[in-house]
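**Student:** Once you've had a glance at the structure underneath, I'll fire off some questions.
Where a number appears in this text, it was derived from the coordinates with a stated rule and is not lab data. Bear in mind that the values here come from a model prediction, so they are computed numbers and not experimental data. Cβ sites come from the backbone with ideal geometry, for glycine too, and all protein chains shown count toward neighbours.
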Amino acid sequence: MSHQQLYPVTQAALARTYLTNEQYLQMYQQSIKEPEQFWAEHGRRLDWITPYTKVKDSSFELGNVHVNWFSDGTLNASYNCLDRHLPAKANQVAYFWEGDEPGVQKAVTYQELYDEVCQLANGMRSLGVGKGDKVTIYLPMIPQAAVALLACARIGAVHSVVFAGFSPDALGSRIVDCDSKLVITADQALRGARTTALKDNTDLALGHLGAANPVKHVIVVKHVGQNIDEHAGRDVWYHDLLAAQPKHCEPEPMNAEDPLFILYTSGSTGKPKGVLHTTGGYMVWASMTHQYVFDYQDGDVYWCAADVGWVTGHTYIVYGPLANGATSVMFEGVPTYPNVKRIAQIVDKYQVNVLYTAPTAIRALMAHGTAAVEGANLSSLHLLGSVGEPINPEAWHWYHEQVGKGQCPIVDTWWQTETGGALITPLPGATALKPGSATRPFFGVIPAIVDNEGNLLDGTCEGNLVLLDSWPGMMRTVFGDHDRFEQTYFSTYKGMYFTGDGAKRDEDGYYWLTGRVDDVLNVSGHRLGTAEIESCLVAHEAIAEAAVVGYPHDLKGQGIYVFIAPRVGVEPSDDLTKAVKEWVRREISPIASPDLIQWAPGLPKTRSGKIMRRILRKIAANEHDSLGDISTLADPSVVEHLIENRLNK
Ligand code: WTA
């Protein structure tokens, strides 16, 4: 690691930065040594209705895990994203919306955003939705997605966004889990050449729920113009609902610890869990990290090319940039539609200064050599960002040279749905970069590396990444299951938050993320639980048993490799393999669809009946000559059959 290339802070970044390296170091030390003073000061970046007097109250001790920040303050998130900017920025663009098809676009100013948020908030109140109610949002990347989040925040309703690529059943289970009263959706979503019938999916989801359906109303945005089945008394068109509503709506005063949103994410076991974030600490974190990590300054055009269905969209398309009064690009489509030049063309078109995207998108463009950047003027860019998975040095260099023309620092931001915002990340004016390293902790973050027994490791080391104390933006609980929260994150290593990620630390104290060490997959930056996919597979009539593992994949980072033992009497065939892939697409989402399916008479198990995934991972990665000890297997011949018929050769 010591031979790693170092990219010093550039003169251009230094000239405009909020923070130099000395300032970062000094502030970081203060944030760790005097967290109360530090956060008392930085919490004031928000407008509070009732200022807080308490700052931090948290414990990571199993059985008593709790996290509270600013807990006697009150505020409203939508007020902080909208109202407070109006005096100076009413006519400033909040979003340059770029549609799926080139040429389809719309600019939304802060005033327009405010007006529409107030109208939707009033409309939701007229449907009986208020503080504490849950609202499921199932929308494409259109301005109404941001409007919907903010309208919920305005009236104190708790939003739960479900990615528009998820199936009716995935949507339905998330609706039931948090007891949503309302769904906000659209007729259809467009992504590349693909359409998804969101309203039909919603009807299916609610239909399947039967008596368990908690939803009273469905608000439908007319986006594509497709006909929908209107359920009288339940469905209401977004434009009809808003038409009669005034463009003013009093924001609901919320306690700092009142929930802002729930976002479902996959873990290593069981069904997806509802990660719960609250209002005050999350908003401080979203706005502060957005400002410093992206060095955001008035006049910049900032583009986070994520989807609002994931946490990156929540924090870095909606809450962070809007809290800072930023101008953002919001993009409906995909990087490769209508062709690989799309990203560069959008950068050129809106003169984007900051581009934040995922390694999987970079690799998809890189696969076409330099075609993706030819013919576009990218000179407006001064900063690039990366998120979602470790960025391999090859992709880092391509991004740096081809997109950034060697001039733009890359902020490789490590974080999770649970952490609310970036935790380990370079700051452009402060941090010398090493390709592939997320570098150093943000203020208030105390990362550490432990071995498998939980011993803290010093200096240069490799192990499991933990966090030793709370920060304002962290999740507060798993919705409806605090015990699961404690068990998932705090029971592996005593008194520490376990991230599920492996990491190394080098001689400069830089962190290098090495990927998940649990049964969570990261496919094209999408987080998927192997248990979730397995339980979907075994629900198929042809399948007796299934095991899912990840394997290295050039474009996706990780691919999904499935080992299946069929039911007695079932003959595996290409058609059946296809049908199983289709099944997973339909039951969960296209993003969960297996890349490789290997049929086998049996799966390798210990004598106590536990599937030995370690072995399956090796076979999937084509590393079967280093299987390690297989003497504990009930039937070692199973492994030979698997190796012989492996698919990733
Ligand atoms: C991975 C996305 C390396 C990591 C914000 C984490 C990363 C999981 C990085 C969370 C990065 C995210 N370098 N790995 N810069 N960013 N990850 O919840 O494994 O969808 O635990 O949040 O993505 O995924 P999630």
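**Student:** Using Cα pairs under 8 angstrom and six or more residues apart, how large is the relative contact order of the range 108-255, in percent?
**Tutor:** Details: 256 pairs, mean separation 41.8, N = 148.
Here the relative contact order equals 28 percent.
**Student:** Sticking with this one: Using a simple charge model, +1 on the beta-carbon of Lys and Arg, -1 on the beta-carbon of Asp and Glu, nothing else, what dipole does the range 103-194 show about its Cα centre, in debye to the nearest 20? Intermediate values should be presented prior to the final figure.
**Tutor:** On the way: 9 positive and 8 negative charges, 15 e Å.
Dipole about the Cα centre, nearest 20: 80 debye.
**Student:** Let me ask another. I need the calculated FRET efficiency for the pair Ala579 and Glu374, taking r as the beta carbon distance and R₀ as 51 Å, to the nearest 0.05.
**Tutor:** 0.80
**Student:** Treat each spin label as a single point 7 Å out from the Cα along the C-beta direction, and report the His641 to Arg586 distance in nm.
**Tutor:** Going by the 7 Å Cα→Cβ label model, 2.9 nm.
**Student:** Arranged by the count of other C-beta atoms within 10 angstrom, fewest first, what order do Ile643, Ile543 take? If you can, show how the numbers build up before the last one.
**Tutor:** On the way: Ile643 15, Ile543 21.
The order, fewest Cβ neighbours first, is Ile643, Ile543.
**Student:** Now, a different point. Let's test the formula: R0 of 51 Å, r as the Cβ-Cβ distance of Thr460 and Arg44. What FRET efficiency results, to the nearest 0.05?
**Tutor:** Details: r = 38 Å, r/R0 = 0.75.
Working from the Cβ atoms, E equals 0.85.
**Student:** Tally Lys/Arg at +1 and Asp/Glu at -1 over every other residue whose Cβ is under 9 Å from the Cβ of Gly274; what's the total?
**Tutor:** Working: positive: Arg174, Lys273; negative: Asp177, Asp481.
Local charge sum for Gly274: 0.
**Student:** Going by a 4.7 Å Cβ-Cβ cut-off, which cysteines of the chain have no partner at all?
**Tutor:** Cys81, Cys152, Cys178, Cys304, Cys408, Cys461, Cys536
**Student:** Here is a follow-up. Which whole-Hz couplings ³J(HN,Hα) result when phi for each residue of the range 44-56 is put into the Karplus expression 6.51 cos²θ - 1.76 cosθ + 1.60, θ = phi - 60°, listed in order with x for Gly and Pro?
**Tutor:** Going residue by residue, I get 6, 5, 8, 8, 9, 7, 10, x, 7, 10, 8, 10, 10 Hz, with x marking Gly and Pro.
**Student:** Please report, largest first and rounded to whole Å, the three semi-axes of the ellipsoid equivalent to the chain, where each semi-axis is the square root of five times an eigenvalue of the C-alpha gyration tensor. Write down the numbers at each step before the final one.
**Tutor:** Values: eigenvalues 261, 194, 132 Å².
Output for the chain: semi-axes of 36, 31, 26 Å.
**Student:** For the range 524-645, what is the charge dipole size about the Cα centre, in debye to the nearest 20, if Lys and Arg each add +1 at the Cβ and Asp and Glu each add -1 at the Cβ?
**Tutor:** Roughly 440 debye for the range 524-645.
**Student:** I've got another one for you. Would you kindly derive the ³J(HN,Hα) couplings of the range 446-453 from the backbone phi angles with the Karplus curve 6.51 cos²θ - 1.76 cosθ + 1.60 (θ = phi - 60°), listing them in order in whole Hz, with x for Gly and Pro?
**Tutor:** Each residue's phi maps through the Karplus curve to give 10, x, 8, 10, 10, 7, 5, 8 Hz.
**Student:** Need one number: nm distance between label points at Lys54 and Asp229, each 7 Å from Cα along Cα→Cβ, rounded to one decimal.
**Tutor:** Going from the Lys54 label point to the Asp229 one covers 4.9 nm.
**Student:** I would also like to ask the following. What list of ³J(HN,Hα) couplings, whole Hz, do you get for the range 563-569 from phi and the Karplus terms 6.51, -1.76, 1.60, once you set θ to phi - 60° and write x for glycine and proline?
**Tutor:** So the Karplus estimates, Gly and Pro as x, are 9, 10, 9, x, 5, 4, x Hz.
**Student:** Over every pair of different alpha-carbon atoms in the range 1-110, take the mean of 1/r and invert it; report that Kirkwood radius in Å.
**Tutor:** Taking every pair of different Cα atoms in the range 1-110, averaging 1/r and inverting gives 18.7 Å.
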